[in-house]
1. Can you tell me which residue is most open to solvent (accessible area, probe 1.4 Å) among those in the stretch 314-332 that are closer than 22 Å to Ala386 by Cβ and acidic (Asp, Glu)?
2. Identify all residues within the stretch 200-232 that are touching a Leu at 6+ places or on another chain (Cβ under 9 Å), farther than 21 Å from Val187 by Cβ and acidic (Asp, Glu); write none if there are none.
3. Report the residue count in the stretch 413-426 for those that are within 10 Å of Lys399 (Cβ to Cβ) and open to solvent by less than 30 Å² (accessible area, probe 1.4 Å).
4. Can you name the residue in the stretch 18-50 that is crowded, with 16+ Cβ neighbours inside 10 Å and in contact (Cβ under 8 Å) with a residue 60 or more places away in the chain and, of all such residues, is nearest to the chain's Cα centre (by Cα)?
5. Which residues, taken from the stretch 209-224, are closer than 21 Å to Lys119 by Cβ and in contact (Cβ under 8 Å) with a residue 60 or more places away in the chain?
6. I'm trying to understand the selection: among the residues of the stretch 229-251, which are more than 24 Å from the chain's Cα centre (by Cα) and either more than 12 Å from Gly107 (Cβ to Cβ) or open to solvent by 10 Å² or more (accessible area, probe 1.4 Å) (or both)?
7. Are there helices (runs of 4 or more DSSP H) fully within the stretch 180-297 with at least 2 residues that are at pLDDT below 85? List them.
Amino acid sequence: MFENLQDRLGSILNGLTGRGALSEADVSAALREVRRALLEADVALDVVRSFTDRVREKAVGAEILKSIKPGQMVVKIVHDELIEMLGGEGVGIDLHAAAPVVVMMVGLQGSGKTTTSAKIAHRLSTRDKKKVLMASLDTRRPAAQEQLRQLGAQASIDTLPIIAGQSPTDIAARAVQAAKLGGHDVVILDTAGRTHIDEPLMVEMADIKKRSNPHEILLVADSLTGQDAVNLARNFDERVGITGLVLTRMDGDGRGGAALSMRAVTGKPIKLIGVGEKMSELEEFHPRRIADRILGMGDIVSLVERAAENIDAEKAAAMAAKMAKGKFDLDDLADQLRQMQKMGGMGGIMGMMPGMAGVKDKMAAAGLDDKLFGRQIAIIQSMTRAERANPDLLKHSRKKRIAAGSGTDAAAINKLLKMHRQMADMMKMMGGKGKGGMMKQMMGGLAGKMGLGGGMGGMPDLSNIDPRQLEALQKQAEAAGLGKPGGGMPGLGGLSGGLPGLGGAKLPGLGGGFPGLPGLPKKK
């Protein structure tokens with residue numbers, strides 16, 4: 001969502017950091033560009049004004065302009081003010097109340113209230129081990145109550161039995177009573193929406209609030225609606241009194257202005273963001289991490305969290321054991337590709353890596369996207385077990401059969417085999433003898449610099465990282481050079497060769513890069 005803004009701010013701030021000294025005129029000219037970039041991203045005008053005024057006030061001080069690296073100091077000020085604009089510290093759903101804690105979902109029709117209700121229930125039941133009851137109070141939209149019931153069945157979440165003819169306020173009272181009797185920790189009330197704000201809607205919301213006494217009132221807003229979402233939040237807060245915001249469709253291609261404006265305009269924290277359609281694709285909103293992404297500093301903490309959720313510990317241990325022996329077959333390659341898809345694909349991972357925006361754009365321009373991974377998995381699945389274990393068996397006739405089975409051609413199969421060969425060679429190097437193997441040295445160095453305990457061969461054991469320590473990890477990562485624009489990953493300086501097909505283009509800090517990403521044109 002923030003890609004255009006990230007590109008604009010990145011080029012503006014890189015222009016500042018490239019200079020030895022800054023004058024007040026340089027800062028003013030840069031801030032004019034920042035102002036224009038934020039307005040183009042659909043950030044509210046008064047929010048942009050206060051943001052640039054605060055940055056200018058801090059950035060034109062004598063100690064900044066005369067410091068050793070004034071450009072970097074200005075970047076830090078922009079970064080800090082961006083975090084402040086987004087809300088400072090992240091705020092989660094507050095469950096500190098007598099059970100059952102009532103969470104009331106409000107918003108316009110089509111903003112994603114019902115799906116978001118199910119996502120929150122799934123998150124609370126799986127992560128926080130809470131017993132959740134969902135109830136649909138939408139008696140107007142056809143099959144709204146049935147939709148919530150089916151979502152509950154998919155996620156194994158209890159839903160309130162549907163009784164035809166009941167009013168929304170009666171359903172709310174019945175839900176709270178049923179939650180008390182059923183021993184539920186949380187009850188989520190999915191209220192009705194309209195296509196626009198009207199008086200009957202607000203009266204109904206106020207009645208439901210009076211009957212159910214919710215501890216949290218979350219406004220669900222579509223982040224693609226721009227400034228209208230800000231006005232919506234203001235109106236709901238005045239009439240009903242919201243405690244937080246949930247922004248949906250943050251994975252879309254909107255400009256991100258609503259997300260940047262909402263906290264500043266309403267004073268209410270953004271608690272959660274929807275980043276996809278799957279039940280698990282709901283994330284907590286962390287202002288620091290979003291600011292880091294916008295300024296191209298990466299988001300290592302979220303990447304670690306995502307990896308901890310998606311990586312199968314047993315498979316990872318088995319893979320580490322094979323790597324220690326220098327073995328890597330096509331089944332292993334398919335597993336790696338699937339793991340990357342689960343973690344958000346190449347784009348999702350690259351977006352969280354520090355200083356990777358340029359490489360990500362080159363790869364996208366060359367057609368190296370997540371569809372390629374799907375095709376490569378299809379090719380591997382079209383092979384026999386023996387062929388996957390021993391790719392040397394693949395001669396012309398076998399390749400012809402595999403191409404027909406996967407809907408590809410011999411060239412695609414050859415690219416995949418080349419990619420596998422390069423990765424297999426790398427695994428042999430990593431699992432080689434002498435000082436415990438290259439992988440152990442590399443990952444041990446990374447773990448040591450980030451203050452993590454060693455897991456598989458020196459690799460941090462993601463499953464055992466305390467989530468409460470992840471925020472501290474961000475600061476440690478920045479101190480180690482991970483969180484700086486253009487900063488690389490420490491401890492990985494020994495690789496050479498670059499991305500195959502990128503003509504030796506190097507990932508920052510990797511001293512070369514990972515092999516096995518073919519398909520990009522070589523530099524001339």
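1. Asp331
2. Asp222, the sole residue that qualifies.
3. Total meeting the criteria: 2.
4. Taking the candidates together, the pick is Ala41.
5. Residues satisfying the conditions are Ser212, Pro214, His215, Glu216, Ile217, Leu218, Leu219, Val220, Ala221, Asp222, Ser223.
6. First pass over the stretch 229-251, keeping only residues more than 24 Å from the chain's Cα centre (by Cα): 231-232, 234-242.
Asn231, Leu232, Arg234, Asn235, Asp237, Glu238, Arg239, Gly241 - these are the residues of the stretch 229-251 that are more than 24 Å from the chain's Cα centre (by Cα) and either more than 12 Å from Gly107 (Cβ to Cβ) or open to solvent by 10 Å² or more (accessible area, probe 1.4 Å) (or both).
7. Numbers: elements: 199-212, 227-239, 257-266, 287-294.
Per the criteria, 227-239, 257-266, 287-294.
Yes or no, residue by residue, for (1) part of a helix (DSSP H, G or I); (2) at pLDDT below 90; (3) within 29 Å of the chain's Cα centre (by Cα); (4) closer than 30 Å to Leu13 by Cα:
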position: Phe373; (1), (2), (3), (4): yes, yes, yes, no
position: Ala378; (1), (2), (3), (4): yes, no, yes, no
position: Met383; (1), (2), (3), (4): no, no, no, no
position: Ser397; (1), (2), (3), (4): yes, no, no, no
position: Arg401; (1), (2), (3), (4): yes, no, no, no
position: Ala404; (1), (2), (3), (4): yes, no, no, no
position: Thr408; (1), (2), (3), (4): no, no, no, no
position: Met419; (1), (2), (3), (4): yes, yes, yes, no
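The values are calculated or read from the model by the stated rules, or taken from the named source; none is laboratory data. Since we're looking at a predicted model, the values are computed, not measured. Note: ideal-geometry Cβ built from the backbone for every residue, glycine included; neighbour counts use all protein chains shown. Accessible surface is based on the protein model in full, side chains and every heavy atom, while ligands, DNA and RNA are left aside. Shrake-Rupley method; radii C 1.70, N 1.55, O 1.52, S 1.80 Å.
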